[in-house]
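Taking it in order: structure first as structure tokens, then the write-up.
The values are calculated or read from the model by the stated rules, or taken from the named source; none is laboratory data. The structure presented is a predicted model; accordingly, all values stated were derived computationally and were not measured. All Cβ positions, glycine included, derive from the backbone under ideal geometry; neighbour counts span all protein chains shown. Each accessible area value is taken on the protein alone, full model and side chains, heavy atoms only, with ligands, DNA and RNA left out. Shrake-Rupley method; radii C 1.70, N 1.55, O 1.52, S 1.80 Å.
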Amino acid sequence: RKQKKKNKIEEEKDMQLGSWSESKDALVVQVCFKDVINRYANLERVLGEVAIPVSKLIENGEISGWFQVLEAGTTRVIRGSEDPGDEMPQVYIRLNWKAPEVKISDAEREASIVAAEELVRTAAIASIKKVGWIGSSINTINSVRGVGDSIQSVQNIIGKVADTLETIRNLINFTHPQKSTLILMILIFLSLLLMIIPTRVLVLLGVTGQYVATGVTELSKSRAVSNKEHDAKSETSPKSSPFAIWMANAMKSIPTDEDLRRAFFWESRRVAVQEANKVATRKRVRRLERLWKAHWYSQVELRVASKGSSSNTTTKSWHWKCSFAVIHGRRLLLWESESDFDEGHPPLQRIFLSGHAGIASLSPLEIRDLTGVELPLVVTIFGRGSIGQEKITLLLPSSEAKEGLEDAVISASLKKE
């Protein structure tokens, strides 16, 4: 019994959580193949690993730099170099460590122990069986995710190929007339060139030029690696030719069928909205002139008081609000918009131009608040409203509309009952 009790105490000590600095674990960064074939089951898809000890990360607080990618399962850590001539695969890693400040409860400790045991058990099963498709639950989920990524990659590749074919077809059928004309002229020039110069001579010149360019490039690289002296030009990647960049941009600017469909869709919507507005305007004009027999109508801006305005005279306590005004008989009617008038909504404000009514002049305070552009287009009208005598200030869109409003208000106010 004493021996069993002693073994139980030792097992409990082994299962207790230790400090972070005493950890013998490591953070493993895996570098996997990008191709589709190695992502499927029973195939080696890991190129290599970089293992960073947790104790070293906690001791330094931060680890950054280039590390060599070693074989899977390694425990060594080899720093890489920034020398472009180094042929060993490397990966740049930057890790930061910050200890948790919140006190951990006993339940959280137990949950952490259970999670650690499950991860160790799953890793052991995966390393023994080396099964990537059926394996443990975690490996199964990772395999499903890998298949999803592979399908997405294949779909993206097929989409790019289809876009390229559609671009070439649209380049030939004069979807973009300027670029199609340029391609036609280039083809005519090449056909004439092939008629004059034999094909074998052109092929010989092309192959010789490519051979010379490749030889010069490889020679410069070998000299740079042997001397290990690289200037700024040799460190940077070779720049593409301006003609190649121009051709790539020209091909990308050619629309695909999806681009044309979207463009035609929004263009048709814009044209449909314009036609609907024209039809609505014609109906409104016929309704006002034939049915209402309105003396004047126009889109105006009404001066209204701002909500929560203060008594400070240095700032404006009002703003302009878009409205639709109509003079019908001896009444000035105001709607919030033209659509409200078309839909038959009641007017928001009525002013009767009878009795004591007409056009008033602006006060000095009102003139001070107006700009030089607004002042010539402002009209103040007073008359009898729903709550008594009222005065409104309107901003007209043009001087012709202002003159028409003044004439209609004067004629309505002077009309005899």
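Test of understanding: what is the full-extension gain from S23 to S337, defined as 0.36 nm times their sequence separation minus their Cα-Cα distance?
Numbers: separation 314, 0.36 × 314 = 113.04 nm, distance 7.28 nm.
Answer, rounded to one decimal: 105.8 nm.
Roughly speaking, to the nearest percent, how much of region 157-227's 1.4 Å accessible area is carbon and sulfur?
Its accessible area is 75 percent carbon and sulfur atoms.
Keeping all protein chains in the complex and leaving out DNA, RNA and ligands, what accessible area do you get for R287 with a 1.4 Å probe, in Å² to the nearest 10?
So the heavy atoms of R287 present about 70 Å² to solvent.
Packing-wise, with mean Cβ within 10 Å as the measure, how do 182-189, 407-414 rank, highest first?
407-414, 182-189
I need the phi-derived Karplus couplings for region 321-332: 6.51 cos²θ - 1.76 cosθ + 1.60, θ = phi - 60°, integer Hz, Gly and Pro marked x.
Running phi through 6.51 cos²θ - 1.76 cosθ + 1.60 with θ = phi - 60° gives 10, 5, 8, 10, 10, 9, 9, 10, x, 10, 10, 9 Hz.
With r defined as the distance between the Cβ atoms of V285 and V154 and R0 fixed at 51 Å, what FRET efficiency is calculated, to the nearest 0.05?
So the FRET efficiency works out to roughly 0.30.
Taking amide H positions as placed 1.01 Å from N in the peptide plane, with prolines and chain starts having none, which residues 5 or more places from A26, or on another chain, fall under 5 Å of its amide H?
When sequence neighbours closer than 5 places are left aside, the close amide H contacts are V54.
For Q90, list long-range residues whose amide hydrogen, built 1.01 Å from N in the peptide plane, is under 5 Å from its own amide hydrogen.
When sequence neighbours closer than 5 places are left aside, the close amide H contacts are V69.
Within the set K278/K307; K24/K98; K293/K402; K321/K391; K321/K402; K316/K391, which residue pairs have Cα atoms separated by over 25 Å?
Pairs exceeding 25 Å: K278/K307.
Sorted by packing (mean other beta-carbon atoms within 10 Å per residue), highest first, where do 114-121, 63-70 land?
In decreasing order of mean packing, 114-121, 63-70 become 63-70, 114-121.
Please work out how much accessible surface T181 shows to a 1.4 Å probe, ignoring ligands, DNA and RNA, in Å² rounded to 10.
Rounded to the nearest 10, the figure is 60 Å².
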